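Below: the structure, in structure tokens.
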Amino acid sequence: MGEDIRLKSKAGEIGAYLAAPKGSPKGGIVVIQEIFGVNQHIRKVTDFFAEQGYLALAPRFFDHVKPGIELGYTPDTMAEGRKIVVDMGFDKPVQDVEAAIEELKKRGVKKVAVTGFCWGGTITWLSATRLKPDAAIGYYGGGIYGTKSEKPTVPTMLHFGDKDMHIPMAHVEEIRKLHPDVQVFDYPADHGFHCDERGSYDAAASKKAMDRTLEFMKKHVG
């Protein structure tokens, strides 16, 4: 369904995967990768949002390191992905998201949401606190707690799994208390529960979270 385009941001030029809906888009959405790059799963998620009527764009952050990095879900590739994101930091990806929002608006959409998973959930949070998308929906962002003092300035929704060993529920509860305007949901599921290519996939939690995500987007984006 999608195509590869070039995206120029303050951090440099990278690739991005763009998926367009049939007919006029209801709005736009930036889809932010996990620590595995814009792999088959993230492209599939991007295609899904296009099927829902949104112009969807997934920036290839890892192009800053090396073009074409797509990782699987083995312990070795997880370690490789973690090293890349630690070395990269947060500033470049946030700048890339800013460019992605502008790219979607150049293509004719008036409102743009940001959503992301795992590492991308944290980038989504930082997009809500540092940029101006029209909505932000983060899934199990492990770095949100470390930046919990930052305050979102746009409508924000967060999803967590209560079996997630990477994100203690005590941290989730603290985020809830610190940010009462943010919609925070938790599910009886593990980290990565939305990814149907991982052993931690949970179909019920994934569906419920996505139903809430789409309703949130309908309200704030179109």
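Taking into account only those residues within the range 167-212 that are touching a helix residue (DSSP H, G or I) at 6+ places or on another chain (Cβ under 6 Å) and aliphatic (A, V, I, L, M), which is surrounded by the most Cβ atoms within 10 Å (Cβ to Cβ)?
So, considering only residues that are touching a helix residue (DSSP H, G or I) at 6+ places or on another chain (Cβ under 6 Å) and aliphatic (A, V, I, L, M), the one surrounded by the most Cβ atoms within 10 Å (Cβ to Cβ) is 189.
Would you please list the contacts, defined by Cβ atoms under 6 Å and residues six or more apart or on different chains, that run from a residue in the range 47-62 that is under 26 Å from residue 82 (Cβ atoms) and modelled with pLDDT of 95 or more to a residue that is buried (at least 24 other Cβ atoms within 10 Å of the Cβ) and among the charged types (D, E, K, R)?
Sorted first by the residue in the range 47-62, then by its partner, the pairs are 59/96; 61/96.
Which ones in the range 14-23 are in contact (Cβ under 8 Å) with a residue 12 or more places away in the chain, out of contact with any helix residue (DSSP H, G or I) (no Cβ under 6 Å at 6 or more places or on another chain) and of a type outside the set (A, V, I, L, M)?
Of everything in the range 14-23, just one residue is in contact (Cβ under 8 Å) with a residue 12 or more places away in the chain, out of contact with any helix residue (DSSP H, G or I) (no Cβ under 6 Å at 6 or more places or on another chain) and of a type outside the set (A, V, I, L, M), namely 23.
Residues that are without any contact (Cβ under 8 Å) to a residue 24 or more places away in the chain and either crowded, with 17+ Cβ neighbours inside 10 Å or on the phi > 0 side of the Ramachandran plot (or both): does the range 26-38 have at least one?
The answer is no, given that none of the residues of the range 26-38 is without any contact (Cβ under 8 Å) to a residue 24 or more places away in the chain and either crowded, with 17+ Cβ neighbours inside 10 Å or on the phi > 0 side of the Ramachandran plot (or both).
Give me the residue from the range 138-166 that is over 17 Å from the mean Cα position of the chain (by Cα) and closer than 20 Å to residue 192 by Cβ and, out of that set, surrounded by the most Cβ atoms within 10 Å (Cβ to Cβ).
164
Within the range 151-199, how many residues are modelled with pLDDT under 95 and assigned to a strand (DSSP E or B)?
0
Go over the candidates 111, 105 one by one and state the one that is within 22 Å of residue 11 (Cα to Cα) and not polar (S, T, N, Q).
Going through 111, 105 in turn, just one is within 22 Å of residue 11 (Cα to Cα) and not polar (S, T, N, Q): 105.
How about the range 191-207: which of its residues are closer than 18 Å to residue 51 by Cα and free of Cβ contacts under 8 Å to residues at least 40 places away in the same chain?
Passing the criteria: 206, 207.
The values are calculated or read from the model by the stated rules, or taken from the named source; none is laboratory data. Please read these numbers as outputs of a predicted model, since none were measured by experiment. All Cβ positions, even for glycine, are placed from backbone atoms using ideal geometry, and neighbour counts span all protein chains on display.
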